[in-house]
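One structure is given here, and the rest of the page talks about it.
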Amino acid sequence: MITRQRLLNLATPVLAAAALFRGELASQLVTEVETMEACEVLRLGDGVDVPEWLAFVSAPSLMLDAAGRVYVRAGQVASITVLAADGSFVRTIGGKGEGPGEFVFIRDMGFAGDTLWLQNWPALHNSYFDSAGTYLKTETDRGPPPVMPSLWRTSVPLAGGRGFYIPAGGSHGQARVRVPMTVGTRSDESRDTLAFKFDITDMRIAGVGLFNYSATTTPPIHRIDPEGNGVVIADWVADRPESVTVRHFDEHGRLVREHSIGAELRPIPSGVKRELISEGMRKAEGPMESSRQRGEQVPGNLRAAVEDGLLLPDHHAPIQGMLVTRTGRVWLRETSTPDIYEGQWVVLRPDGEPEFRVSAPEGVEFRAIGGSRIWATGTNDLDVPFIVVYELVRPGECSRGLSEPVGVHLGFALS
């Protein structure tokens, strides 16, 4: 998706001309809840001389286990790093190679119960490890490696020998297709469908190709339960997103709970749309000219082709991200508008009721939640990624010094 800073640069003049009111840029999800503050308590990897396991080229993926340990996957690597809750080094798991518990590089990671799994790329084999990092087994994936858009697919383990699957869209020319999001056993092809999604949401230009560029978040989005006990799916109507529906499915595909939260409609100004399309044209001009020189058939009208190839609705998506905690809470990341950074998260209790709001500092992405601790990533002035940890506090408590974890007040404890 286009970066917020790039979109800001594109949109500033047209937003000024449109004279948008501040009220139109208020938080998008409709809820009256307490506002909390993220108070920084720990920073890792933001320095000149850092250990190799904290030297990141790109922002790492973070995941927590039941004991509060942090699992760090940093880009296209063949091993992950495990940190203690205080940020100290514990161990590495995996390694480069083709032997047991080794990888070309690790595409994804998660838990099935208390067992860690790491997924290889490009062959989607899953290797399993116990809580001490000891290799247990490798489960061979028999599908074709998803090395091109027509073969992109998802196949990850869930608890109890189940799995979550999104099949490849296949070859359909330049047309998008909706593919099912399913669960089933790991040993056969029997699947239960939970929802449908587009096979590709990036810009796609007929006769030119696929581009790593999108204007907004396309529904639905999903997250795997932290223990692999199912899937959480957030969905909305893209053309008129007046609410977000969050559905929790167990590992057998049964709907265990469902709740909705209202959303304010925030139109995408016509000037912003024009700039998004112009940016798409700039990205496609060079590849289209190369295709033309090779004698391939290309669109006669590039602007029209970009408009067709870019999923651009009339309204901002209500959310652009989601996290799920081991306690059953769902964190929804509201979509920031181009001209102002909001960074708002709305947290839903396990029963679906909104509990509180909290803002991520600008440039910071929340990655994993453990009790009242938020594990996140950011970049410093040199664009070097680092890990940062926050404690949830009430407004003003951070500057005064935190005397008691906010989890005591909100009824949950650090885990």
**OP:** Would you mind finding the one in Gly95, Gly75, Gly133 that is modelled with pLDDT of 95 or more, under 23 Å from Trp375 (Cα atoms) and among the small types (Gly, Ala, Ser)?
**Re:** Gly133
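Tell me, please, whether a residue that is at pLDDT 95 or above, surrounded by 14 or more Cβ atoms within 10 Å (Cβ to Cβ) and touching a helix residue (DSSP H, G or I) at 6+ places or on another chain (Cβ under 9 Å) can be found in region 1-18.
no
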**OP:** Go through the residues of region 327-342 one by one and say whether even a single one is surrounded by fewer than 18 Cβ atoms within 10 Å (Cβ to Cβ), hydroxyl-bearing (Ser, Thr, Tyr) and under 29 Å from Val256 (Cα atoms).
**Re:** yes
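Among the residues of region 31-54, write down those that are in a loop (DSSP other than H, G, I, E, B) and surrounded by fewer than 14 Cβ atoms within 10 Å (Cβ to Cβ).
So in region 31-54, the residues in a loop (DSSP other than H, G, I, E, B) come out as 31-33, 45-51.
Answer for region 31-54, where residues must be in a loop (DSSP other than H, G, I, E, B) and surrounded by fewer than 14 Cβ atoms within 10 Å (Cβ to Cβ): Glu32, Gly47, Val48, Asp49, Pro51.
Go through Thr115, Thr81, Thr140 for me and flag whichever is hydroxyl-bearing (Ser, Thr, Tyr) and at pLDDT below 95.
Working: Thr115 fails: at pLDDT below 95; Thr81 fails: at pLDDT below 95.
On inspection, the qualifying residue turns out to be Thr140.
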Original post:
For Arg162, all conditions in the list (1) surrounded by fewer than 18 Cβ atoms within 10 Å (Cβ to Cβ); (2) closer than 21 Å to Ala112 by Cβ; (3) among the charged types (D, E, K, R) hold save one; what is the number of the exception?
Top reply: (1)
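Here is a list: Phe21, Phe56. Which entry is within 15 Å of Thr377 (Cβ to Cβ) and modelled with pLDDT under 95?
Details: Phe21 fails: within 15 Å of Thr377 (Cβ to Cβ).
Just a single option satisfies the conditions, and that option is Phe56.
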Subject >> Condition met for Ala376 (small (Gly, Ala, Ser) and touching a Lys or Arg at 6+ places or on another chain (Cβ under 7 Å)) >> reply: yes
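Within region 61-157, considering only strands (runs of 3 or more DSSP E) that don't extend past its boundaries, which have at least 1 residues that are β-branched (Val, Ile, Thr) and under 24 Å from Gly253 (Cα atoms)?
Per the criteria, 115-121, 154-157.
Against the condition at pLDDT 95 or above, exposed (fewer than 14 other Cβ atoms within 10 Å of the Cβ) and not aromatic (Phe, Trp, Tyr), how does Leu255 come out, does it pass?
Taking the combined requirement at face value, the residue satisfies it.
Just to be sure before I move on: is Leu210 out of contact with any Leu (no Cβ under 6 Å at 6 or more places or on another chain), in a strand (DSSP E or B) and modelled with pLDDT under 95 in the structure I sent?
Values: out of contact with any Leu (no Cβ under 6 Å at 6 or more places or on another chain): yes; in a strand (DSSP E or B): yes; modelled with pLDDT under 95: yes.
So Leu210 passes the test.
Answer yes or no: is there a residue in region 337-349 that is modelled with pLDDT of 95 or more and either in contact with a Cys (Cβ under 8 Å, 6 or more places away or on another chain) or over 25 Å from Val237 (Cβ atoms) (or both). Show your work before the answer.
Of the residues in region 337-349, the ones modelled with pLDDT of 95 or more are 345-349.
Adding the requirement that they be either in contact with a Cys (Cβ under 8 Å, 6 or more places away or on another chain) or over 25 Å from Val237 (Cβ atoms) (or both) leaves none.
Taking every residue of region 337-349 in turn, none turns out to be modelled with pLDDT of 95 or more and either in contact with a Cys (Cβ under 8 Å, 6 or more places away or on another chain) or over 25 Å from Val237 (Cβ atoms) (or both).
The values are calculated or read from the model by the stated rules, or taken from the named source; none is laboratory data. Here the structure is a predicted model, which is why all the values come from computation and not from measurement. Using ideal geometry, Cβ is built from the backbone for each residue, glycine included, and neighbour counts are taken over all protein chains shown.
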